[in-house]
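Please read the structure below before turning to the comments.
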Amino acid sequence: TLLEMLLSIHDRKCLTCSRNNNCELQDLCRDLGVENENAFAGSVNEYEIDDASPCVVRNNNKCVLCRRCSATCQKVQGIGVIGANNRGFDSVIGCAFDSNLADTSCINCGQCIVACPTGALTERDDTAKVFAALADPTKHTVICCAPSVRAQIGECFDYAPGTDCEGKMVAATKALGFEGVYDMNLTADLTIMEESAEFLERVKAGANLPLMTSCCPAWVKFVENEYPEFKENISTCRSPQAMFSAILKDYYRDEANAKGKKTVVVSVMPCTAKKMEAERKESYTHEEKDTDYVLTTTELIRMIDAHGINFEALPSESCDMPFGIGSGGGVIFGATGGVTEAVLRRLIEGHDPATLRAIAECGARGDEGIKEFSVPYNGLDVKICVASGLANARKVLESVKSGEKEYHFIEVMACPGGCVMGGGQPVYGTKVRRAETRTKGLYEADGGMAIKKSNENPLMDVFYNGYFKGKAHELLHNPHE
């Protein structure tokens, strides 16, 4: 009876819904034998779709008022920009004063999308724009995929959660028509190179410590919105997405590489906030937008399905050169603590199994929301904090602000568990199970790689001693205000 009542006010356009066949409302109706969706005919409220945000689309016509999104926003992320407005039949999930999400302090993490059991909250879909770019003969459309996507994309094609499907993912993107398919592990390595150097400079100068990571745009926006006094503590490094897009655009400014075509850069990310990052002024070089379109993992899956590609039957292919080599340190970026572990691999001498095992066991790994540990380095006891989930990040910043805690390095990822649990990832199985298997998949992929440390990636020498001469800072760091 409750399900029939919910259906009476629900927008039942299931066939065109992004959550079709992956919807809890559908599953419950099927399990409990609900056959009459019109059992309770009557008044139905109609709501305008809120699509003003660059990342999240809210359609209250599909909302079942479960309040999971508002609980996640308030309790898990500590933001609280959405909640129940009005009472009784007029109850609706919304923002204060009926504002759009874009007009609030929403940090675009997309965790509300992960929590939503129906299609009331989804990422902004840019697949049509990417298909149009692929079909345009005047455009050279290239794509780069984030490290964590490889361990998630297979879930929608009957692979066990956490399976490394990078080879098939590359083959699928090439089948879609992308003229260049690249591995963002490269700029994950570049991020480590630059962030490690920046950390050592700050320690030497004793200024703007603790150094805080800059890879997660939702975290960066959170600091800007709520803790502006810590803005100078955030690394000046661009995120791997921003670095890669800047490099690609610069590479294809050379007419010999562009071949008379306009370059369109597409990135595939586990994160909805990356769509917002692509619009920020820091993501423009020479007043040109670096990342033209950001696809989430689920959007890429929809493109593969729409194109009729048999993912399981695809061969395993490699990313294209000269941007196709990455290290294990880059692969583990997608797990909470992964950036910290990659930095430590870069700083600590030696790459023998015992050294790498000691780094892995220092305290960076694990699914705790806040991890604190210290590592000896050149006579300094480096105090490190790793946090995931912004409610946890708030606790960390408050403790630093009050003087209760003192750190040298802080890594924060907005999504609990890290990028593997980003707002743009597939929503299958229980939350705990998804986090465990995806993280395990990344560490297993790292285990199978010959190159473990970012500084041992042979492309680092190629870039720093050749291509980057005179422009490394311009391409790899955010411009000054």
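Hey, got the dipole for region 373-481? About the Cα centre, +1 on K and R Cβ, -1 on D and E Cβ, debye to the nearest 20? Show your work: numbers first, answer last.
Working: 14 positive and 12 negative charges, 81 e Å.
Value, rounded to 20: 400 debye.
Going toward the positive end of the dipole of region 433-481, with +1 on Lys and Arg Cβ and -1 on Asp and Glu Cβ, which of ALA450, GLY466, THR437 do you reach last?
Farthest along the dipole direction, towards plus: THR437.
Sort region 201-312 into rounded, prolate or oblate with this rule: let a ≥ b ≥ c be the square roots of the eigenvalues of the Cα gyration tensor; rounded if a/c is under 1.5, and if a/c is not under 1.5, prolate when a/b is larger than b/c, oblate otherwise. Please report the intermediate quantities before stating the final value.
On the way: a/c = 2.65, a/b = 1.55, b/c = 1.71.
It is oblate, given that a/c is not under 1.5 and a/b is not larger than b/c.
Of all DSSP beta bridges located in the chain, what percent are antiparallel, nearest 5?
For the chain, the DSSP antiparallel bridge percentage is about 45.
Treating cross-link reach as a plain straight distance, find the aspartates and glutamates whose alpha-carbon is under 15 Å from the alpha-carbon of LYS275, omitting any fewer than eight places away in the same chain.
In chain and number order, the partners are ASP51, GLU123, ASP125, ASP126, ASP290, ASP292, GLU299.
Using the Karplus curve 6.51 cos²θ - 1.76 cosθ + 1.60 with θ = phi - 60°, what ³J(HN,Hα) values do you get for each residue of region 77-82, in whole Hz, with x for Gly and Pro?
9, x, 9, x, 8, 10
Give, as a single signed number, the net charge of other residues whose beta carbon lies under 10 Å from the beta carbon of VAL265, with Lys and Arg counted +1 and Asp and Glu -1. Mind dumping the intermediate values first?
Numbers: positive: LYS249, LYS289; negative: ASP290, ASP292.
Neighbourhood net charge equals 0.
What whole-number distance in Å separates the alpha-carbon centres of region 217-281 and region 159-198?
15
Using +1 on the beta carbon of Lys and Arg, -1 on that of Asp and Glu, and nothing else charged, what's the dipole of the chain about the Cα centre, debye to 20? Don't skip to the answer; put the middle values down first.
On the way: 51 positive and 67 negative charges, 44 e Å.
Roughly 220 debye, rounded to the nearest 20.
Determine which lysines satisfy two conditions relative to LYS383: a Cα distance under 28 Å, and not lying fewer than 8 residues away in the same chain.
LYS75, LYS204, LYS221, LYS231, LYS371, LYS395, LYS401, LYS405, LYS440, LYS452, LYS453
Set Lys and Arg Cβ to +1 and Asp and Glu Cβ to -1, take the dipole of region 274-377 about its Cα centre, and tell me which of SER374, LEU295, GLY326 lies farthest positive.
Comparing the listed Cα positions along the dipole, SER374 ranks first.
Given the protein chains as shown and a 1.4 Å probe, how many square angstrom of HIS140 are accessible, to the nearest 10?
Accessible surface of HIS140 is approximately 20 Å².
Quick check: at a probe of 1.4 Å, how many percent of the accessible area of region 172-238 sits on carbon and sulfur atoms? Spell out each step's value before the answer.
Working: 980 of 2020 Å².
Carbon-and-sulfur percentage of accessible area, whole number: 49.
So which trypsin sites (Lys or Arg not before Pro) in region 118-169 pass both tests, a DSSP loop state and at most 15 other Cβ atoms within 10 Å of the Cβ? List each step's numbers first, then the result.
Details: sites: ARG124, LYS129, LYS139, ARG150, LYS168; in loops: ARG124.
Here no trypsin sites (Lys or Arg not before Pro) fit, given the DSSP loop and packing criteria.
For region 442-481, which trypsin sites (Lys or Arg not before Pro) pass both filters: DSSP loop (anything but H, G, I, E, B) and at most 16 other C-beta atoms within 10 Å?
On the way: sites: LYS452, LYS453, LYS469, LYS471; in loops: LYS452, LYS453, LYS469, LYS471.
Those satisfying the criteria are LYS469, LYS471.
Choose one of MET184, VAL170, PRO210: the residue whose Cα lies farthest towards the positive end of the charge dipole of region 160-266 (beta-carbon charges +1 Lys, Arg; -1 Asp, Glu; about the Cα centre).
Of the listed residues, the answer is VAL170.
In whole percent, and with a 1.4 Å probe on the protein chains, what portion of the accessible area of region 348-393 is carbon and sulfur? If you can, show how the numbers build up before the last one.
Details: 1180 of 2350 Å².
Carbon plus sulfur share of accessible area: 50 percent.
For the chain, what is the accessible area per residue in Å², given a 1.4 Å probe and the full set of protein chains? Could the numbers behind the result be given before it?
On the way: 20310 Å² over 481 residues.
I get 42 Å² per residue for the chain.
What are the lysines whose alpha-carbon lies under 18 Å from the alpha-carbon of LYS262, with same-chain residues fewer than 8 places away excluded?
Once the sequence-local lysines are set aside, what remains near LYS262 is LYS129, LYS139, LYS249, LYS289.
Using only C-alpha positions, report the orientation-averaged shadow area of the convex hull of region 323-376, nm², one decimal. Before the final figure, lay out the partial values.
On the way: hull surface 17.0 nm².
Computing the convex hull of the Cα atoms and averaging its projections yields 4.3 nm².
Hey, what angle do you get for helix 166-176 against the long axis of the chain, alpha-carbon based, 0 to 90 degrees rounded to 10?
Roughly 70 degrees, rounded to the nearest 10.
Rounded, prolate or oblate: which fits region 1-117, taking a ≥ b ≥ c as square roots of the Cα gyration tensor eigenvalues, rounded meaning a/c under 1.5, else prolate when a/b beats b/c?
Prolate is the answer for region 1-117, as a/c is 1.5 or above and a/b outweighs b/c.
So, in Å, what gap is there between the alpha-carbon centers of region 96-123 and region 385-464?
Rounded to whole Å, the Cα centres lie 23 Å apart.
Show me the trypsin sites (Lys or Arg not before Pro) within region 236-305 that DSSP assigns to loop and that have at most 16 other Cβ atoms within 10 Å of their Cβ. Walk me through the numbers on the way to the answer.
Details: sites: ARG238, LYS249, ARG253, LYS259, LYS261, LYS262, LYS274, LYS275, ARG280, LYS281, LYS289, ARG302; in loops: ARG238, ARG253, LYS259, LYS261, ARG280.
When the trypsin sites (Lys or Arg not before Pro) of region 236-305 are filtered for loop state and at most 16 Cβ neighbours within 10 Å, ARG253, LYS259, LYS261, ARG280 remain.
Using just the helices of the chain, give the 222 nm mean residue ellipticity in deg cm²/dmol: DSSP H runs with n ≥ 4 each add -39,500 (n - 2.57), and the total is spread over all residues, rounded to 500.
On the way: 19 runs with 170 residues, N = 481.
Mean residue ellipticity, 222 nm, calculated: -10000 deg cm²/dmol.
Once you sort the root eigenvalues of the Cα gyration tensor of region 350-481 as a ≥ b ≥ c, which label holds: rounded (a/c under 1.5), prolate (a/b larger than b/c) or oblate (the other case)?
Details: a/c = 1.37, a/b = 1.19, b/c = 1.16.
Taking the square roots of the gyration eigenvalues as a ≥ b ≥ c, region 350-481 is rounded.
The values are calculated or read from the model by the stated rules, or taken from the named source; none is laboratory data. Owing to the predicted nature of the structure, the values given are computational and were not obtained by experimental measurement. Counting neighbours? That spans all protein chains shown, and the Cβs are built from the backbone with ideal geometry, glycine included. Please note that ligands, DNA and RNA were not included when accessible areas were found on the heavy atoms of the full protein model with its side chains. Shrake-Rupley method; radii C 1.70, N 1.55, O 1.52, S 1.80 Å.
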